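Notes to accompany the following structure.
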Number of protein chains: 2
Amino acid sequence: MRILLDHAHVLTMQDGDVQYPDGYVLVEDDRIHALGPSSDAPQDADRVIDCHGGILLPGFVNLHCHVSMVPFRTMGDDCPDRLNRFLFPLERDAVGPELVYLSALYGIGEMLLSGITAFVDMYYFEEEVARAVCETGIRGWLGETVISQSAPDAENEAAGLARCEAFLKQYAGHPLVTPLPAPHGTTTVSADALKACGELARKYDTLLTLHVSEMDAEIRHFEGMGTTPVQYLDSLGLADNRLLAAHCIHLTQEDIRLMAQKGVRTAHCVGSNMKAGKGIAPIRDLHLQGVPFGFGTDGPSSGNTLSILDQMRLFACAQKTRYHDRSLFPASQILRFATRGGAECLHARDRFGQILPGLQADLVLVSLDAAHLFPLYNPYSALVYGANASDVSLVMVGGEILVQDHRLTRMDLPSIREKLRGAMGPFLQAAEKYRDII
Amino acid sequence: MRILLDHAHVLTMQDGDVQYPDGYVLVEDDRIHALGPSSDAPQDADRVIDCHGGILLPGFVNLHCHVSMVPFRTMGDDCPDRLNRFLFPLERDAVGPELVYLSALYGIGEMLLSGITAFVDMYYFEEEVARAVCETGIRGWLGETVISQSAPDAENEAAGLARCEAFLKQYAGHPLVTPLPAPHGTTTVSADALKACGELARKYDTLLTLHVSEMDAEIRHFEGMGTTPVQYLDSLGLADNRLLAAHCIHLTQEDIRLMAQKGVRTAHCVGSNMKAGKGIAPIRDLHLQGVPFGFGTDGPSSGNTLSILDQMRLFACAQKTRYHDRSLFPASQILRFATRGGAECLHARDRFGQILPGLQADLVLVSLDAAHLFPLYNPYSALVYGANASDVSLVMVGGEILVQDHRLTRMDLPSIREKLRGAMGPFLQAAEKYRDII
């Protein structure tokens, strides 16, 4: 099957920002076969899609999410310490496999509609998220959570570790699902369990992800011990190029040097970090030292929209302001972090992240129909400062069209919404307890 | 004519955040006539619109824009000092009345589509913007610019002042257009001309708007004179409740006290300020001292999207981060600034800004169809942290429906885009000179 995407403004995200203002991309089966100016487009494709001048780019990579937290969205957004005040207890009381599965279906649908073609998740009952990944066709790096308290899917840390290993075994070598251990955070998991997670990551040759240097209390905890979260993880043998550290807001220069030296990757969640008033991460400094990073939406109750387009604009605003420099991180560079930067963090640069012959056909088409996308001198600027999820008109993963004309092809989102609404009854009942704070 | 908007989640923005989760609003001619729970909805309306549970709120007020800068959008977004390097010269070379008119038509269409029902503009040939306002039906507070350099529509400051007064005369008492003087900024206009603008505002009983405490060079300039932009304006007799000061990023505590004491209003442009790396304005402190403020998108080449929804999210992120406090400015309060707060800055609280019987029917309906707007525990949160312009499905100004089913009713935006594109030829040619920096 050869699909020709023609008359697009193609942003390849290859070195040197190669672009074709009127270009084509030829997809053969699951891979990108050829690309170039439309005047050279092949005539023998099985199917031709006219992109009408829209921007064609590699799929967005979402490096940090808790997709199954859809039922929590708009609950206590402005409530301090909500993690302990209602999120943890409500999860324990009312999050089960069916809710995780239906929420994942819904949230993955939302991510595809915003142009995300690969995502990293961490939550409970991650095998249910895996089921949703397989049904929807997105790529999932799925982290089964290990935590030192009673969790929705495990009574204690040991049970969580056992669950985690079973999940790693079950999905080893899967084409869409990459399973990984996801210890919750630096203070919410014991040192022994953190080390055990590191061993699991090595044993199953995969990544490991957790929350790092995110919370004020976390920083105070390690300050009291004369160290930092990053240095603590290093002391446990976890700071290496398997580590995808989410958030990393409060870093010392020594932390940054250590991360660069050990090859630690960062999932930067600017929207979630700022909405919670936590701070602006020192990404300029991380980048100058060579620490790979990409963007994360965080869960739908933390970042609210599952869209990397939103994160790019917030990132530009935040970094330029923190460093008082308009020219810092020009739009083309920001789009690189959002696509191939994310792929690099997942050790997947040879699979996706650029429009390059031989790579997987994970592609996004952004329509220029909306009022805010005219004129277009700089397509990178248009994407970073102007576009939103509603502008995404077509999405392909591994050569299969999963979004066309702004609609999902494999799923009917309104009907999933109704199923999810139906499954949310006990959850809503349990949430009543927290009515005063949410 | 009685139009019933039924089955909406009505956010009245009245004191105490009165809302009707399943509510109605009855519009009679140009005004809001009644509202309440849908169970009490009147049965004798001439027309009934089922809002299908969407969020109905007062129209957004945009306190700072240069709407006719649409042709500059995505031009040199990341270029430092672009005002002097290419914006001023390119305006002088290539901005004429026809381009201003067509750009205003386009930009106003874009604003209506994002739910903005009243806006403050400052630019050249403002009579052309007024023409566009009358054709489109939006409310415009239109500032004719006075500047101490040769401008597109006036050779010098004196000519600009004469133009400004002619414009004030022409539109005095107009139902949709409120004309006002718009001296460019604190360092780009002479002291005499600033005073003359103040006199014009008093003579024609209107507001005055200009850029204040925005640029680093501006702050340095006044520091060198041992003062601040705000204190300088006060020394010229301009700091009073007619003054709508745009940006106000760099304020001293003394500035803030002075503004509060004199009743100065602020157009806060968080997106434009942050994208340019200029800083986060001390809005918490302004608010605590009682300085009225609302949001501005700034022009389409500064803020990129003409959407107050985007500004609300950026505002929440910026202020909570600046003050390291998640609970600062909860979503309901942010929506108040975006609606009735804006109306108050325009001394128009008795005309619009709330859903209240007797006020003008300036209303916005946000559809909940998009994936990112489910579930909905807190509609304020959904608007601030989730919604974007594409979610706005219906907009009414003074009882007339100007947007329905996400489309403009009075204008055809694609055809205006094509006309504007056609008129942009000489502009694009003139821009060639700056190719290396844009």
Condition test on A:E91, is it away from chain B (no Cβ under 14 Å) and not aliphatic (A, V, I, L, M)?
yes
Within region A:397-417, track down each residue that is surrounded by fewer than 18 Cβ atoms within 10 Å (Cβ to Cβ) and facing another protein chain (nearest Cβ under 10 Å).
A:H406, A:P414
Out of the residues in region A:302-311 that are over 14 Å from B:C317 (Cβ atoms) and at the interface with chain B (Cβ under 10 Å from one of its Cβ atoms), which is farthest from the chain's Cα centre (by Cα)?
A:L309
Among the hydroxyl-bearing types (S, T, Y), buried (at least 20 other Cβ atoms within 10 Å of the Cβ) and at the interface with another protein chain (Cβ under 8 Å from one of its Cβ atoms), is that true of A:Y377?
no
Of the residues in region B:377-424, those that are farther than 16 Å from B:F60 by Cα, among the polar types (S, T, N, Q) and not in a helix (DSSP H, G or I) come to B:N378, B:Q404, B:T409
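Per-residue answers, yes or no, for (1) more than 14 Å from chain B (Cβ to nearest Cβ); (2) out of contact with any strand residue (DSSP E or B) (no Cβ under 7 Å at 6 or more places or on another chain):
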{"residue": "A:M13", "(1), (2)": "yes, no"}
{"residue": "A:L26", "(1), (2)": "yes, no"}
{"residue": "A:A41", "(1), (2)": "yes, no"}
{"residue": "A:H52", "(1), (2)": "no, no"}
{"residue": "A:H64", "(1), (2)": "yes, no"}
{"residue": "A:F72", "(1), (2)": "no, yes"}
{"residue": "A:D81", "(1), (2)": "no, yes"}
{"residue": "A:F86", "(1), (2)": "no, yes"}
Among B:D325, B:D350, B:D362, the single one that is free of Cβ contacts under 8 Å to residues at least 12 places away in the same chain, more than 8 Å from chain A (Cβ to nearest Cβ) and not basic (K, R) is B:D350
Identify the residue in region A:9-52 that is aliphatic (A, V, I, L, M) and in contact with a helix residue (DSSP H, G or I) (Cβ under 8 Å, 6 or more places away or on another chain) and, among all such residues, is farthest from A:D391 (Cα to Cα).
A:M13
Taking the condition of being buried (at least 22 other Cβ atoms within 10 Å of the Cβ) and touching a Phe, Trp or Tyr at 6+ places or on another chain (Cβ under 8 Å), how many residues in region A:357-367 meet it?
3
Does region B:184-205 include one or more residues that are of a type in the set (D, E) and within 27 Å of B:V397 (Cα to Cα)?
yes
Return the only residue of B:A130, B:A104 being within 14 Å of another protein chain (Cβ to nearest Cβ), under 17 Å from the mean Cα position of the chain (by Cα), part of a helix (DSSP H, G or I) and farther than 20 Å from B:N273 by Cβ.
B:A104
Kindly provide the set of residues from region B:276-313 that are polar (S, T, N, Q) and assigned to a loop (DSSP other than H, G, I, E, B), ordered by number.
B:Q289, B:T297, B:S301, B:S302, B:N304, B:T305, B:S307
Can you tell me which of B:E254, B:E218 is touching a Gly at 6+ places or on another chain (Cβ under 9 Å) and in a helix (DSSP H, G or I)?
B:E218
Listed by first then second residue, the pairs whose first member lies in region A:306-320 and is small (G, A, S), whose partner is part of a helix (DSSP H, G or I), with beta carbons under 6 Å and at least 6 positions apart or on separate chains, are A:S307/A:A389; A:A316/A:I334; A:A316/A:V384; A:A318/A:V270
Quick check on region B:155-175. Is at least one of its residues assigned to a strand (DSSP E or B), of a type outside the set (D, E, K, R) and more than 14 Å from chain A (Cβ to nearest Cβ)?
no
Only residues in region B:405-422 that are within 14 Å of A:H372 (Cβ to Cβ) count as the first member; pair them with residues that are in a strand (DSSP E or B) and of a type in the set (G, A, S), Cβ under 7 angstrom, at least 6 apart or cross-chain, and list the lot.
B:H406/B:S393
Condition broken by A:A267, with the remaining ones in (1) farther than 21 Å from A:L208 by Cα; (2) away from chain B (no Cβ under 14 Å); (3) of a type in the set (A, V, I, L, M) satisfied
(1)
Tell me, please, whether a residue that is assigned by TED's automatic domain parsing to the domain that holds B:P330 and polar (S, T, N, Q) can be found in region B:8-28.
no
Take region B:154-198 and flag every residue that is acidic (D, E) and under 23 Å from the mean Cα position of the chain (by Cα).
B:E165
Looking at region B:46-54, is at least one residue of a type in the set (D, E), crowded, with 19+ Cβ neighbours inside 10 Å and farther than 18 Å from A:L376 by Cα?
no
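Here is a yes/no grid of residues against (1) surrounded by 23 or more Cβ atoms within 10 Å (Cβ to Cβ); (2) modelled with pLDDT of 95 or more; (3) not aromatic (F, W, Y):
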{"position": "B:G299", "(1), (2), (3)": "yes, yes, yes"}
{"position": "B:N304", "(1), (2), (3)": "yes, yes, yes"}
{"position": "B:R313", "(1), (2), (3)": "yes, yes, yes"}
{"position": "B:Q319", "(1), (2), (3)": "yes, yes, yes"}
{"position": "B:Y323", "(1), (2), (3)": "no, yes, no"}
{"position": "B:S332", "(1), (2), (3)": "no, yes, yes"}
{"position": "B:R340", "(1), (2), (3)": "yes, yes, yes"}
{"position": "B:A343", "(1), (2), (3)": "yes, yes, yes"}
If I filter region A:275-297 down to residues being among the basic types (K, R) and surrounded by fewer than 24 Cβ atoms within 10 Å (Cβ to Cβ), which single residue comes out as farthest from the other protein chains (Cβ to nearest Cβ)?
A:R284
Please verify whether region A:398-405 includes one or more residues that are assigned by TED's automatic domain parsing to the domain that holds A:G137 and among the hydrophobic types (A, V, I, L, M, F, W, C).
no
Is there a residue being more than 30 Å from B:S327 (Cβ to Cβ), among the basic types (K, R), part of a helix (DSSP H, G or I) and under 14 Å from the mean Cα position of the chain (by Cα) anywhere in region A:331-342?
yes
Keeping to region A:345-356, report how many residues are in contact with a Lys or Arg (Cβ under 7 Å, 6 or more places away or on another chain) and either surrounded by fewer than 20 Cβ atoms within 10 Å (Cβ to Cβ) or modelled with pLDDT under 95 (or both).
1
Are any residues in region B:204-256 touching a strand residue (DSSP E or B) at 6+ places or on another chain (Cβ under 8 Å), over 18 Å from B:D298 (Cα atoms) and crowded, with 24+ Cβ neighbours inside 10 Å, and if so, which ones?
B:P229, B:V230, B:L233, B:L238
Residue among B:L238, B:L200, B:L210 that alone is part of a helix (DSSP H, G or I), assigned by TED's automatic domain parsing to the domain that holds B:G107 and on the phi < 0 side of the Ramachandran plot
B:L200
Taking the conditions exactly as written (crowded, with 21+ Cβ neighbours inside 10 Å, of a type in the set (G, A, S) and either touching a Pro at 6+ places or on another chain (Cβ under 9 Å) or touching a residue at least 24 places away in the same chain (Cβ under 8 Å) (or both)), does A:A172 satisfy them or not?
no
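The values are calculated or read from the model by the stated rules, or taken from the named source; none is laboratory data. Because the structure is predicted, anything quoted here is derived from the model rather than measured. Every residue, glycine as well, gets a Cβ built from its backbone with ideal geometry; the counts of neighbours run over all protein chains shown.
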